[in-house]
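Everything on this sheet refers to the single structure shown next.
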2 protein chains.
Amino acid sequence: MKQYLPFLFIIALGCNQPAEKQTLSQFLSKGKWIDLSYDFSSETIYWPNNPVGFKLDTQFNGKTAGGYYYSSNAFFSPEHGGTHLDAPVHFAEGKWSADKIPLEQLLGEAVVIDVKTKTTNNADYQITVDDITAWEKENGTIHDGAIVLFRTGWGKFYPDAANYLGTAEKGEAATAKLHFPAIHPELAAWLIKNRKIKAVGVDTPSIDYGQSKDFKTHQLLYAENIPGFENVANLDSLPAKGAYVFALPMKIKAGSGGPLRIIAWVEKP
Amino acid sequence: MKQYLPFLFIIALGCNQPAEKQTLSQFLSKGKWIDLSYDFSSETIYWPNNPVGFKLDTQFNGKTAGGYYYSSNAFFSPEHGGTHLDAPVHFAEGKWSADKIPLEQLLGEAVVIDVKTKTTNNADYQITVDDITAWEKENGTIHDGAIVLFRTGWGKFYPDAANYLGTAEKGEAATAKLHFPAIHPELAAWLIKNRKIKAVGVDTPSIDYGQSKDFKTHQLLYAENIPGFENVANLDSLPAKGAYVFALPMKIKAGSGGPLRIIAWVEKP
């Protein structure tokens, strides 16, 4: 057996040393962070029936009697505007409010379904099961625990209400003039039945398309405690799969939703 | 050499196989999530000079004409209350506002300095360089990029204003009656000079102690673009080191701070 000795040495040297235990910090350093959130300002997009959107009031800004600089504000906002969470209770009585959604439901690997080619000439496009099938053909079955983000391309219009919402008018009557793409209720039903997803997100103002009258996609998903993220920004920066999403909403007790800071970690190539 | 053969076999078999590339999702599954945020409600703690704190107004709650359930609210809040961010511009003109803080500054490994024994009989305790020295003696030097969280034990009083703030009174005059521990300005200066930290956090209402008149700790840290997290919850659940903090504030354009959803990942033992 003496002649095999060199080979054994090679095997012994070539194998990995039991690696020093990696920290999360070290793991994360292999990727970069992408902010998927719009800021809140007087330009923030709200549903037309909100007469007032985001409002920031200065409490103090300048030199104090003590001689040091100080600035502080108070703000007002409807829960549903800008980059925000829809808690399931928004459309499903008794389901999770913003403060009750388990953190695990808001953190997960993203699947990004691109339907830009379908929306180019059709602001009323509703994303279908076929769009999922096409994605899965290329990327494999949507895994359990996925956060499914739909990229319609609408982000390029934000915050231009006329193009992003379909109308810059305000008031209840303006809701009939909303035109933007989102998720077809049949797709919502299909996802519930066939995949185990944590949440959905869209780069448009709502997970139901602008012309929806019954918000069926909301009703279906929220009845299953699957939250929605609306007006998600910068989806163009995400790969079709492999990004990891951290969606942390303001923790409003009994809230039906609220401001959402959503970011993604993407591994560097 | 024949007699060494068995040892070589052992070495060859005992070494790790080149591991399949791990995903972030797989890495995170080795730990658990801890929510370090209080919810926002009428009980949320604000500085006494805020006549109104958090206010949630129902826009709609019940069955719609369409026959489906719907709930939606609007809310009002001063930026500085509950679990919240102090953006550097809160006390340092021209420094980062809430929307301008780079994500990297808000994400990092936590160092948790426990000073409970010092605060038990002293609501006016200011955390000193000695407290850091004691921590470092046991845990090693605070690493670059640390998010330094100070655990005074005050969390047990939240949201009981009389005990947590030192007074349940409202109005400008009540600010003289504030008693709670926080960070001594000398420690703030020492950290700036001797350590490279990303942010600080406290389980009390402010990073300066209740009796502060000039908010020197705020002034010093924010001048260096080191943000502060106030009213941080559940610090008892964190180890002295090794937790990883994700502190995602509401993205208020030009905000001096705002609601913060802060969570930590802690590896399972």
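What follows is calculated from the coordinates using simple rules that are stated; it is not laboratory data. These numbers come from a predicted model, not from an experiment. Methodologically, a virtual Cβ is constructed for each residue, glycine included, from the backbone with ideal geometry; neighbour enumeration extends over all protein chains shown.
Under the convention of a label 7 Å out along Cα→Cβ, give the distances in nm from B:P102 to the same position in every other copy, shortest first.
Those separations, rounded to one decimal, come out as 3.6 nm.
Can you list the HN-Hα couplings for region A:192-204, worked out from phi with the Karplus curve (6.51, -1.76, 1.60; θ = phi - 60°), rounded to whole Hz and with x for Gly and Pro?
4, 6, 10, 9, 10, 9, 8, 6, 10, x, 9, 9, 10
Connecting C-alpha atoms closer than 10 Å in a GNM of chain A, tell me which of A:D57, A:D160, A:D99 has the biggest fluctuation.
For chain A, modelled as a Gaussian network with Cα springs under 10 Å, the answer is A:D57.
With an 8 Å cut-off on Cα pairs and a minimum separation of 6 or more residues, tell me the relative contact order of region A:205-269 in percent.
Taking the mean separation of contacting Cα pairs over the length of region A:205-269, I get 25 percent.
Normalised by the empirical 2.2 N^0.38 Å for globular proteins, what value does the Cα Rg of chain B take?
The value comes to 1.23.
Quick one: grab Rg to one decimal and Dmax as a whole number for the protein assembly as shown, Cα atoms only, in Å.
25.7, 91
With 10 angstrom as the radius, rank B:D35, B:D130 by how many other C-beta atoms surround their C-beta, starting from the fewest.
B:D130, B:D35
Where the label is 7 Å out from Cα toward Cβ, how close does A:A189 come to the same position in every other copy, in nm, shortest first?
Once sorted, the set of distances for A:A189 reads 7.0 nm.
Mind listing the label-point distances from B:E138 to the same position on all other copies, shortest first, one decimal in nm, points 7 Å along Cα→Cβ?
Result for B:E138, in nm, nearest copy first: 5.4.
Could you tell me the calculated FRET efficiency between A:N49 and B:E104, based on Cβ-Cβ distance and R0 = 35 angstrom, to the nearest 0.05?
Efficiency at R0 = 35 Å is approximately 0.35.
I'd like the GluC sites (Glu not before Pro) in region A:83-159 restricted to DSSP loop residues with at most 11 other Cβ atoms within 10 Å, sorted by number.
Hits after loop and neighbour filter: nothing returned.
Using modelled backbone amide H atoms (1.01 Å from N, in-plane), which distant-in-sequence or interchain residues come within less than 5 Å of B:K198's amide H?
B:G145, B:A146, B:I147, B:V148
If neighbour count is taken as other Cβ atoms inside 10 Å, put B:T141, A:T83 in order from fewest to most.
Lowest count first: B:T141, A:T83.
With contacts defined as alpha carbon pairs under 8 Å and 6 or more residues apart, what's the relative contact order of chain B in percent?
Relative contact order for chain B comes out at 29 percent.
Given points 7 Å out from each Cα along the Cα-Cβ axis, report the A:D130 to B:K30 separation in nanometres with one decimal.
Distance between the two pseudo-spin positions: 4.5 nm.
How high is the FRET efficiency between B:A176 and A:S42 when r is their beta carbon distance and R₀ equals 41 Å, given to the nearest 0.05?
E between B:A176 and A:S42, to the nearest 0.05, is 0.65.
When a footprinting reagent is the concern and you count Cβ atoms within 10 Å, what order do B:I34, B:I127 take, fewest first?
B:I34, B:I127
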